[in-house]
1. Considering only the range 183-206, state which residues are away from the ligand (no atom under 15 Å from the Cβ) and hydrophobic (A, V, I, L, M, F, W, C).
2. Give the range 243-273 a look and list any residue that's of a type in the set (Gly, Ala, Ser) and either more than 17 Å from Ser371 (Cβ to Cβ) or not assigned by TED's automatic domain parsing to the domain that holds Thr207 (or both), or say none.
3. Can you find even one residue in the range 125-147 that is of a type in the set (S, T, N, Q), within 16 Å of the ligand (Cβ to nearest atom), part of a helix (DSSP H, G or I) and farther than 13 Å from Thr335 by Cα?
4. Could you give every pair whose Cβ atoms fall below 7 Å, whose first residue belongs to the range 232-260 and is assigned to a strand (DSSP E or B), and whose second residue is at pLDDT 95 or above and aromatic (Phe, Trp, Tyr), counting only separations of at least 6 or pairs across chains?
5. Among the residues that make up the range 401-423, is at least one of them assigned to a strand (DSSP E or B) and closer than 27 Å to Pro34 by Cβ?
6. Looking only at the range 54-101, which residues are among the small types (Gly, Ala, Ser) and free of Cβ contacts under 8 Å to residues at least 12 places away in the same chain?
7. Would you check if Ser152 is polar (S, T, N, Q), within 16 Å of the ligand (Cβ to nearest atom) and touching a Ser or Thr at 6+ places or on another chain (Cβ under 6 Å)?
8. Identify the residue in the range 203-231 that is charged (D, E, K, R) and assigned to a loop (DSSP other than H, G, I, E, B) and, among all such residues, is nearest to Arg273 (Cα to Cα).
Amino acid sequence: MSEAPQLRMHTYDAHLADLVFDYMRERLQLDPVPLDHPGERAKLEAALSGLLGEQGHDPAQVLSVYAEQLAPAVISCDSPRFLSFIPAAPTKAALLFDMVVSCASLQGISWLEAAGAIAAENQVLRLIADLAGLPAGAGGCFVTGGSAGNLSALVVARDTARLRLGLGAYDRVRIAVSDQAHSSVGNTLRIIGVEAFVVPTADHRFTGADLRAALTHDTDDAPVIGVVATAGTTNAGIVDDLAGLGEVARDFDLWYHVDGAYGGAGLFAPSVRAKYAGIELADSFVIDPHKWLFAPFDCAAVLYRQPRLAKAVHTQDASYLDVIHTDTPEEWNPTDYAYHLTRRARGLPLWFSLAVHGTDAYRDAIEGALSTARQAADLIRRNPDLELVREPELSVVLFRRKGWEPADYHAWSRRLLAGQVAFVTPTGWEGETVARFAFLHPETTAAMVGEILATV
Ligand SMILES: *Cc1c(COP(=O)(O)O)cnc(C)c1O
């Protein structure tokens, strides 16, 4: 320990390693993972005060600030009682391998630099493409999340159409979406300067008939060049009419994008697989393993039917990058298939976990959440104070408490969290505030749901 601090930073320190590994061992063994609490800014700032300065601190002291002050102010999305938004439930194998990706500084930019990592990531992408029924030539890469996947894919949709139609960068183009499309799709369209052609739906499920009718009656001369279907809406778990939309996309020459960020995992589950018929028609498809495929953050896959179209749009041109583009047949540069350049090999934790556990375990875990959702729906149906808003299609359950005002739902949500019973936040449905459960953790039980429902 006599070296200068700037050298010590890169020297293995067994004490520091033990501190962190011991902490990780404990965190991985928490059973159950506590929900924890919202943070208070003043308290957090006081805990952090003075930590960053010219001189460093004892790592044990810094780690204890994290473990005792910061960590409890992060609601644990991997708790089986976290039922808000979209929860997380990474496998232990995936979490541990994430540490390998970090400790080995694994990047996955180009085949030249990282063939080993990219080959394994591509093995996972192939497995997902096969489940979706995409052709042998399909491929893509892992990005940070569904938002990044949607953005990357829709840029390809836009530029491919502009090229085909001979349009300039400032000519108006539109992409058809339903009003249930994820907020990231709206954001994407704003970012890429494409207008949303919002198609009304009869019952929140976007169908081929809806799209065909809207296109037939459309009088705006800005071309509609693509359509976004959602395979599992985030708010209600609705799978759009993928076959019908795919057919209309083909008839009208539209780029067909399927956003399966949350619900794509249902492809693994025989009990719901039929709902995804038509997904094989997609030109691009996004799925978030950090949601329902039990991978750690941040991990999403974007797949293209014809990756060469994505490559034509996303390849970055810089003289120092010329060496990674040799155009040998085996070369696969993930950086060519999304808007990123530097990227961590974030598909590897999923690859490791899939290889260790096998896809049957994934199928059963996903079926488990679907079955918890069905049981929750039964409990709600049998409770005279409650009303199911609609039958759950996947693992999201919407329900109302008769007689409740929005404030009642919010107060209930706060009570549940304060008592560490569950993290359940209300949502909006047709202008009404309702309660919402999102299941995906295999350890969320019907008994827990019963316990939560007993508090309404
Ligand atoms: C979560 C979600 C997204 C956004 O994904 P992030 O990983 O949060 O960026 C997009 N679409 C759908 C349907 C989602 O559920």
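1. Residues satisfying the conditions are Ile192, Val194, Phe197, Val198, Val199, Ala202.
2. Scanning the range 243-273 gives Ala243, Gly244, Gly246, Ala249, Gly260, Ala261, Gly264.
3. The answer is yes, given that some residue of the range 125-147 is of a type in the set (S, T, N, Q), within 16 Å of the ligand (Cβ to nearest atom), part of a helix (DSSP H, G or I) and farther than 13 Å from Thr335 by Cα.
4. Within 7 Å, the pairs are Val239/Tyr276; Val258/Phe285; Gly260/Phe285.
5. yes
6. Ser64
7. Criteria not met by Ser152.
8. Ranking the candidates gives Arg205 first.
The values are calculated or read from the model by the stated rules, or taken from the named source; none is laboratory data. Note that the structure is a prediction, hence the values are computed from the model and not measured. Cβ sites come from the backbone with ideal geometry, for glycine too, and all protein chains shown count toward neighbours.
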